[in-house]
Structures are given as structure tokens and as C-alpha cells.
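Below: one structure, written as C-alpha cells.
Derivation of every value follows stated rules applied to the coordinates shown; laboratory data play no part. Since this is a predicted model, take the numbers as computed values, not measurements. Heads up, the Cβs are rebuilt from the backbone with ideal geometry, glycines too, and the neighbour counts pull from every protein chain shown.
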Amino acid sequence: MAKNLNKNKKKETKSSSTFVFWMVGLVAVFILGFIFLGNHSKQLDKTTSTKIDYSNQPFLGKESAPVSIIEFGDYKCPNCKNFTKDVVPIIQQELVDTGKAKFYFMNDSFINVDSIRSAKFAESVFAELGNETFWKFHDLLYKKQPEDPKYEKMDYFTEDFLVTTLKEVASDSDADKVLKNFQDKQPDKAWDKDMEYAKNLGVTGTPTIFVNGEKFEGQTIDDLKEMVEKAAKGE
């Protein structure tokens, strides 16, 4: 259930001590990533060439950015929570805010029924309330993920919980629109699309990162930056 980078939400400096700090943090979380991956029951499919349609997908950044980064995630995955809290802000600072890349989130919901319910509800948020509210809900949902690992097998992300969480970032009337969209099964097609991409791309754990359709196999933010730079050059 995980393959990770890791960082803290601080500005990177040129000092060697700060560089060592980042590298140690990145390696430590990557080890955790391999532990989670070992618990993932999916079989590895041979990755085939897959054309990705990025339209109607939530993203951070400028639409004109030349490179597309995708995170495949599961709202029940603890490492995805850590990735969202510690890593995404660095990706945004280093690559998104600089106009080098766009950052997309796509679903790979495999842990339990909560994974599917929360993913589809988030798709309804995106469909009804747009990109900005989606990311507010997305981040809040991970923030409210329980710390106790036992919760993975629990029915925690109930419909009531999701609606209550959404109301922290949206009005009651907007939340009602999202709930109707969700109950009418409107987000199923978008969710199915994400899951098909995850299957075709050979995703075996969350979070898993792709850069312009190529799987990221590195372990540090510098590895990711290098891959983005090569992708921008068409390499």
C-alpha cells in the first residue's frame, strides 16, 4: 500500500545540514513504503503503453505546465496521508508553483469499502464544486484519517462522516448537491476510469507516482525533479 518520497513542509536551503536532513527523512519514509508494499495483495501486471486522458481530473498548478505528475492514492492508506502532509507541499513548492509541472490525484481504491466510498464522494465534490473545493476536501479527509491502524478494517468513512467533513469547507446547500450526485452514482464513471488506469499502468501500491505516464522509481525529491526536467525536454 505504499511507495514513498518524504519531506517536511519547510523551505529547502543550500546548507549541507539541511540537505542531509531532507535525505534522511526521504530514505526513512521510503523504507516504510516498502513495508506497506509488502502487505499489498495486488499482483504486479506488466506495464503497457497507456495513453492518459488528463481532462476532468483534479490537479494543482498551471494548465500550461509542460509535465504532468500523477499520484495514485487511497484515502484509507496511512502512507498516502503522510505523503499528502509532508511530500505534496514540497512538490508544489519545487515543481508546481514554479510552473514546471501539474500535479494530479487519481484513485487506486483497494483497501476496503471505505476506500471506494470516500473516493467516489471526492469525485462528486470535484464534479459539483470544482477543483479548488476538491483539494480542500481531499486534504481535510486525509487529515481526519484516524491514527490507529485498526481502523483500516473499520467502516469509518461513512456517508454521514463524508458529508460532515465536506461541510467544513463548503456550504450546507453545496454539500446537499454533492450528496445527491454521489447517491445517484454519478461519480462511478470517473472512478472506474482511474481504477482502469491504475490497472493498466501496473500500480501495486499507494502512493505511486507517474511523470508523463512513466513510473517514478526514485527515492528523493532531487530524483523527481530530475525526472520532471527530462520529461520537459522530451527525454
For this session: Calculate the dipole size of the stretch 117-168 relative to its Cα centre from +1 charges on Lys and Arg beta carbons and -1 charges on Asp and Glu beta carbons; express the result in debye to the nearest 20.
Result: 60 debye
Problem set entry | Where GluC sites (Glu not before Pro) fall in DSSP loop in the stretch 78-167, at most 12 other Cβ within 10 Å | Glu147
For this session: List the aspartates and glutamates whose Cα lies under 12 Å from the Cα of Lys100, skipping any in the same chain that are fewer than 8 positions away.
Result: Glu63, Glu226, Glu229
Exercise. Between Asp222 and Met154, what is the spin-label point distance in nm, taking each point 7 Å from the Cα along the Cα→C-beta axis?
Worked result: 4.2 nm
Exercise. Taking a 27 Å limit on the Cα-Cα distance, which of the listed pairs Lys62/Lys225; Lys51/Lys177; Lys143/Lys233; Lys136/Lys189; Lys76/Lys199; Lys76/Lys233 fall beyond it?
Worked result: Lys51/Lys177; Lys143/Lys233; Lys76/Lys233
Exercise. Between Thr98 and Asn56, what length in nm is gained on full extension when 0.36 nm per residue of separation is reduced by their alpha carbon distance?
Worked result: 12.8 nm
